[in-house]
Amino acid sequence: CEAIDHCRKSHEYETVVFDSVSEMSKIRLKDELPKHKNAMQAYGVLAIDVDNLMREMRDDPKNWVWLFHSDKEDIYNDEGEASATQFVPGFEGQKMNNEFPHLVGDVYCLVSEFDEEGVEKRMLRTRTGDTAFYAKNRRGRLDELETPHMGSIFWKLKSKNK
């Protein structure tokens, strides 16, 4: 956490990219497991620590960009049967996987889209739409697909008009 504290206190940085939160949660769990007889206790400590860290960064005035590995999550119908799979930001432990989407207002997914000629173009998906990629933009100031230029994204999010 020294690097995060340094970034938070420094006036040199307006934007901080954290690559990757998924990997950090794996390392943190690996450090925590030997301290507990029951592995579930280690997962509980991990969830609390990661939740506190994410909230500290979220509430900091800097632009924080968190990168994650994608995890598959089953979606269930009214009968309780798995009906679809969705790709979501991945953490170690079930608790943070369930809580993270409610912790922040914006979740984007880098996807490949193809134009009429079949040329691949990388885009940031900002809303799930009819895809399997979980994404959201609470402020609604972004198009469903945005060019992956974070300066442009931050400008749009801070502007008053869409």
Under a cut-off of 18 Å between alpha-carbon atoms, report the lysines in cross-link reach of Lys35, not counting same-chain residues fewer than 8 places apart. Lys26
Sequence-distant residues sharing a close amide H with Val17 (under 5 Å, placed H): Val65
Report, to the nearest whole %, how much of the accessible area of the chain belongs to carbon and sulfur atoms, 1.4 Å probe, protein only. 50
Quickly work out the Asp31-to-Thr85 label distance, labels modelled 7 Å from Cα along the C-beta direction, and quote it in nm with one decimal. 3.3
When the chain is modelled as a GNM with alpha-carbon springs shorter than 10 Å, which of Ala135, Ala42, Ala82 fluctuates the most? Ala82
Which ³J(HN,Hα) values, rounded to whole Hz and listed in residue order, are derived for the stretch 147-154 from phi using the Karplus coefficients 6.51, -1.76 and 1.60 in 6.51 cos²θ - 1.76 cosθ + 1.60 with θ = phi - 60°, glycine and proline given as x? 4, x, 10, 5, x, 5, 4, 4
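Under the Kirkwood approximation for Rh and a Cα-based Rg, what ratio Rg/Rh is obtained for the chain? List each step's numbers first, then the result.
Working: Rg = 17.6 Å, Rh = 17.6 Å.
The Rg/Rh ratio comes out at 1.00.
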Zone of Glu120 (label point 7 Å along Cα→Cβ, backbone N under 19 Å): which residues in the stretch 141-159? 146-149
Taking only protein heavy atoms into account and a 1.4 Å probe, give the accessible area per residue of the stretch 100-162 in Å². 64
At a Cα cut-off below 18 Å, give the lysines reachable from Lys156, other chains included and same-chain residues fewer than 8 away excluded. Lys62, Lys136
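Find the all-direction average of the projected area of the Cα convex hull for the stretch 1-89, expressing the result in square nanometres with one decimal place.
Working: hull surface 31.1 nm².
It is 7.8 nm².
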Points 7 angstrom from Cα along the Cβ direction at Arg58 and Trp155: gap in nanometres? 2.8
Which distance in nm do the two modelled labels at Cys1 and Arg138 give, with both placed 7 Å along the Cα-to-Cβ direction? 2.3
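Rounded to the nearest 500 deg cm²/dmol, what is the calculated helix-only ellipticity per residue at 222 nm for the chain, with -39500 (n - 2.57) per DSSP H run of length n ≥ 4?
Numbers: 5 runs with 60 residues, N = 162.
One gets -11500 deg cm²/dmol as the mean residue ellipticity at 222 nm.
The values are calculated or read from the model by the stated rules, or taken from the named source; none is laboratory data. If you're wondering where the values come from, they're calculated on a predicted model, not measured in any experiment. Using ideal geometry, Cβ is built from the backbone for each residue, glycine included, and neighbour counts are taken over all protein chains shown. Ligands, DNA and RNA are excluded from the accessible area calculation, which covers all protein heavy atoms including side chains. Shrake-Rupley method; radii C 1.70, N 1.55, O 1.52, S 1.80 Å.
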